[in-house]
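See below for the structure under consideration.
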Amino acid sequence: FKTCPGRVLCKLPCSGEKEVDLAVQSAKAAFKVWSQMSGMERSRVMLEAARIIREQREEIATMETINNGKSIFEARVDIDISWQCLEYYAGLAGSLAGEHIQLPGGSFGYTRREPLGVCVGIGAWNYPFQIACWKAGPALACGNAMVFKPSPFTPISVVRLAEIFTEAGVPKGLFNVVQGGATTGQFLCHHPDVAKISFTGSVPTGTKIMEMAAKGIKPVTLELGGKSPLIIFSDCSLDNAVNGALMANFLTQGEVCCNGTRVFVERKILDTFTKEVVKRTQKIKIGDPLLEDTRMGALINRPHLNRVQGFIKQAKEQGAEVLCGGDLYVPDDPKLKNGYYMRPCVLGNCKDDMTCVKEEIFGPVMSILPFDTEEEVLERANDTKYGLAGGVFTRDIQKAHRVVAALKAGMCFINNYNVSPVELPFGGYKSSGFGRENGRAAIEYYSQLKTVCVEMGDVESVF
């Protein structure tokens, strides 16, 4: 592999109905073996997969950078989170259990937590390898098999994950990868032997997946888009709040679903905060994502770059002020001249009804909005169809907890942002989806509960 911005890396055939069926049937056969193994046996295999990923961290991170365009610095973090995810669920695999309930007369009941069967994972292009691990970790720990479809824009690194699972000793076919776009996804969602679908991506696609799953009464986990609020109070640590705003807007070129792109700043520190954010944003090093000092790589493709640029153009037309960035960036290195680069953008003079404030841009564009009171900012922060995340920066810990309790969002941050430890559940409210990934909560979405009632005496008949 080498960096080839704007050029074709490889070509993969799309999986048709026949290939999808083969993948599902293969996974179904592997499920029969895997689901009968003890939790400890599954744990050992998953720990081995985590070890291989950890050992090959640099190689996989490089592959992910080329696959996606993000900086190697960020890709390494993604790979670390990936093996940590597998380690975490390996630790839970041996502890999955039901409960015993004592009933009158010596009778009793108990529950069994059982796997679902063949689960489908459909990933996004911003965190290809990490999302696959987030879905595979709890699925495999619970005894399921998985067929995974990565985004057609980032098809490469998940294939390596499948190879790693095989090397670690999972039954052949337990984690299968199919390639393709919407049509391949439809074959997966409609397949009668698929028990569950987990999707990460846009709201429109999530809606379609939910409709398809409904026809087969299949449970779904949907991790969709967001337009999350980041609330900066005047009593914050200013430097930390600036760091948080940068983390909330410019990771992975701004292509992060839970980014805090509506930055509400208390009016008394608006000018100071804005000046510092602009200064720091202008210093972000853009360029070859494989270089150690690069902090922002290229956007995913030309159509998406054009879409982000369109949002900035529209923002200016609606009265927003471009305080910095927003223009195309052409690196000095001639081999990067066809890359999809742009300078990170900060927009001022924003209003709540502007398109740039209401719609998910999914690029490196921050909108700054002033506010005066806590009551006012909470009403404005919650005035959105989305509810994935939200953040608050303040030294007043009572206010911090009061604000996050009032935010209608599934993932909230206090004095930090975009920190997603695998131990904590991740997921949204409202149009941002439902179900949870990570944490113990994910176990609920990759298993089903069976209740058994045992009578120790004679049946009391009413007949």
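The values are calculated or read from the model by the stated rules, or taken from the named source; none is laboratory data. Predicted, not measured: the structure shown is a model, and the values here were computed from it. Here Cβ is always computed from backbone atoms with ideal geometry, including for glycine, and neighbour counts include all displayed protein chains. Note: accessible area is taken over every heavy atom of the protein model, side chains too, but ligands, DNA and RNA are not part of it. Shrake-Rupley method; radii C 1.70, N 1.55, O 1.52, S 1.80 Å.
Worth pointing out:
- D_trans [Stokes-Einstein, Kirkwood Rh over alpha-carbon pairs] for the range 346-454, 20 °C, 1.002 mPa s, µm² s⁻¹: 133 µm²/s
- In terms of overall dimensions, the range 258-361 has a Cα radius of gyration and Dmax of 14.7, 46 angstrom.
- For peptides 98-109, 387-398, 171-182, sequence by mean Cβ density within 10 Å, most packed first: 387-398, 171-182, 98-109
- As a fraction of the 1.4 Å probe accessible area of the chain, surface on carbon and sulfur atoms comes out at 54 percent.
- Accessible solvent surface per residue of the chain, calculated while the other protein chains remain in place, 1.4 angstrom probe, Å²: 43 Å²
- Along each principal axis, Cα extent of the range 1-110, largest first, Å: 73, 37, 21
- Look at where the Cα atoms of the range 120-160 and of the range 410-442 average out, and the two centres are 18 Å apart.
- Reachable lysines from Lys337, criterion Cα separation under 24 angstrom, eight or more residues apart if same chain: Lys2, Lys11, Lys70, Lys283, Lys285, Lys313
- Each eigenvalue of the Cα gyration tensor of the range 17-225, multiplied by 5 and square-rooted, gives one semi-axis; in descending order these are 29, 22, 15 Å.
- The range 321-442: relative contact order as a whole-number percent, Cα under 8 Å and 6+ apart: 16 percent
- In whole percents, the pair-distance distribution calculated for the range 1-54 from its alpha-carbon pairs, binned every 10 Å from zero, is 18, 23, 31, 24, 5.
- Ranked by the mean number of other Cβ atoms within 10 Å of their residues, highest first, the peptides 244-254, 76-86, 30-40 fall in the order 244-254, 76-86, 30-40.
- Expressed in units of 2.2 N^0.38 Å, where N is the residue count, the Cα radius of gyration of the range 229-414 is 1.01.
- Cα-based reach from Lys450 at 21 Å (exclusive), listing lysines while leaving out same-chain residues under 8 positions away: Lys28, Lys32, Lys196, Lys218
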